[in-house]
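The values are calculated or read from the model by the stated rules, or taken from the named source; none is laboratory data. Being a predicted model, the structure only gives us computed values, none of them experimental. Reconstructed Cβ throughout: ideal geometry from the backbone, glycine too, with neighbour counts over all protein chains shown.
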Amino acid sequence: MMKNRATRRALTLTLSQRERELNSSLSRSERELNSSLSRSERELNSSLSLWERAGVRASVLLGAAAALTACAVGPDYHRPDVATPAAFKEAKAAEGWLPAAPADALDRGDWWTLFGDETLNGLVSQVQVSNQNVAAAVASYAQARALVAQQRASLFPSLALSGSAKRSGGAGSSTSLGGTGNSLSLAAGASWEPDVWGRLSRTVEAAQASAQASEADLAAARLSAQGELVMNYFSLRDADTELDLLATTIEGYERALVITSNRYDAGIAAKTDVLQAQTQLASARADRVSLAGTREQLEHAIAVLVGKAPADFTLAKAAWNMNVPAVPLALPSALLQRRPDIASAERAVAAANAQIGIQRSAYFPSLSLSASYGTAGSRVPDLFNASNSLWSLGLSVAQTIFDAGATRAAVQGAEAGRDVAIARYRQTVLAAFQAVEDQLSTSRALAEQAELRKTASQAADLTEQQLLNRYKQGQVSYTDVVTAQASALSARRTLSQLASSRQAAAVALIQGLGGGWHIETP
């Protein structure tokens with residue numbers, strides 16, 4: 001009994017001692033954990049402070065480099081001089097023949113509405129959104145604008161962030177005792193090429209000029225498609241009118257054939273009269289077939305211009321409004337702002353001029369700044385340990401010492417390219433002046449012809465009728481009738497074609513004046 005009580009007391013003492021040791025161990029572990037957390041917090045704050053100091057150093061260096069970017073090599077751009085007459089030569093001669101119009105009549109943009117044809121207005125509106133040439137020009141302009149944004153981005157620093165995590169092991173591992181281990185790293189870097197000599201700014205300048213030229217090319221493509229559609233439309237309406245004339249003429253020829261056949265059967269006319277009547281009728285029918293084919297081709301062309309397959313497009317016959325609108329004249333100097341092709345050529349000069357500065361910058365050293373900060377360790381907390389961090393700031397300079405004259409040749413090539421662009425610009429201006437003068441002369445000549453052709457057509461109709469009546473009475477040969485019929489038909493068709501030509505000349509004059517397009521003023 002005594003022995004059992006002693007055993008129980010010994011066991012109780014042992015348990016109490018174990019409990020005290022366990023509590024002591026837990027308290028010690030808690031203190032070590034708190035100490036570790038405090039130390040990690042201090043290391044994290046220290047690491048973040050290093051990042052901040054490194055950022056301040058980088059900012060100072062970047063600011064100092066930015067102060068050097070005030071100069072840009074190469075010539076500043078000035079628009080080339082071009083000889084501009086005070087007025088168009090043919091403008092005075094056209095007075096009285098061309099209707100007057102307010103000077104801002106084309107500034108509304110929708111110049112085709114001047115013709116007063118609702119069907120035409122609907123077709124041209126489809127060109128704006130469905131013509132594939134215009135769509136390609138729109139895409140080219142968007143591409144040019146994207147290039148400007150890309151080049152402008154090169155003026156600013158680039159930032160990069162990298163990280164890696166790797167676990168390795170094996171008998172030949174470099175880790176302790178040949179076991180497995182982790183390797184973690186985190187780094188951030190920045191680099192910048194200061195535009196000390198203006199190479200990058202000149203590149204942006206060239207890209208902007210090219211984008212503006214692309215915008216003008218878009219306007220030129222749109223104006224060209226619109227003008228082509230309007231001209232094809234009026235040609236189609238002329239074909240409809242001439243088909244009606246031929247239909248009426250064929251009916252007359254058929255009656256004449258009946259008359260000559262009756263006279264031949266009665267023995268008072270020769271067989272040649274019948275043959276000539278048959279020839280006239282067959283020729284007129286052949287002309288109608290040919291003209292119908294021309295109309296079909298014009299309809300196909302209009303379908304493509306509005307972005308449709310010819311099989312899916314039909315333009316019904318309709319009344320033709322032969323109105324010739326009043327086209328306002330602008331001063332020759334105004335063409336420099338109103339014609340998109342001139343604006344595109346001028347912007348090409350600006351882009352070529354910027355290339356000179358880009359090439360000249362190769363004479364000077366190129367500078368680049370870099371900064372990096374990173375940490376590494378075997379555990380995630382180690383990445384925030386200041387003792388594991390590494391930072392760097394750097395400046396690099398590169399200068400070509402000898403290139404056998406390559407830089408000088410590149411500069412000379414850029415200067416020659418600018419001279420080429422200037423010559424093309426001036427040639428474009430001269431061609432624009434010529435186009436307006438030509439259309440003024442053409443419009444005046446057609447207007448003068450209109451009244452004369454109308455008088456000739458009326459006289460030819462009377463002659464045809466009188467000779468046919470005289471033939472019925474046996475006073476003239478049928479050869480005279482055939483000649484009169486051919487002259488009358490030719491005069492009627494010429495009168496219709498003249499109306500189409502006058503409208504086409506008005507379209508060409510509007511295009512020559514820029515079609516309502518003008519450079520946007522800031």
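Some notes on this structure:
- Of the listed requirements (1) surrounded by 15 or more Cβ atoms within 10 Å (Cβ to Cβ); (2) in a helix (DSSP H, G or I), residue 448 misses just one: (1).
- The range 242-284, residues that are among the hydrophobic types (A, V, I, L, M, F, W, C), under 30 Å from residue 319 (Cβ atoms) and touching a residue at least 40 places away in the same chain (Cβ under 8 Å): 243, 245, 246, 247, 256, 284
- Lone qualifier among 239, 256 - being surrounded by 19 or more Cβ atoms within 10 Å (Cβ to Cβ), over 30 Å from residue 139 (Cβ atoms) and modelled with pLDDT of 95 or more: 239
- Just one of (1) surrounded by 20 or more Cβ atoms within 10 Å (Cβ to Cβ); (2) over 28 Å from the mean Cα position of the chain (by Cα); (3) of a type in the set (S, T, N, Q) fails for residue 214. It is (2).
- Test result for residue 350, part of a helix (DSSP H, G or I), in contact with a Phe, Trp or Tyr (Cβ under 8 Å, 6 or more places away or on another chain) and surrounded by 17 or more Cβ atoms within 10 Å (Cβ to Cβ): yes
- Looking across the range 66-89 at every residue that is at pLDDT 85 or above and touching a Lys or Arg at 6+ places or on another chain (Cβ under 8 Å), the one that is farthest from residue 443 (Cα to Cα) is identified as 74.
- Among the residues examined, residue 255 does not qualify as in contact with a helix residue (DSSP H, G or I) (Cβ under 8 Å, 6 or more places away or on another chain) and of a type in the set (D, E, K, R).
- Considering residues of the range 396-439 that are assigned to a helix (DSSP H, G or I), of a type in the set (S, T, N, Q) and farther than 16 Å from residue 335 by Cα only, the residue modelled with the lowest pLDDT: 407
- Of the residues contained in the range 319-338, one or more are found to be under 36 Å from the mean Cα position of the chain (by Cα), closer than 30 Å to residue 411 by Cβ and not basic (Lys, Arg).
- Restricting the range 379-395 to residues that are touching a strand residue (DSSP E or B) at 6+ places or on another chain (Cβ under 6 Å), closer than 25 Å to residue 168 by Cβ and surrounded by 14 or more Cβ atoms within 10 Å (Cβ to Cβ), the residue that is modelled with the lowest pLDDT is 383.
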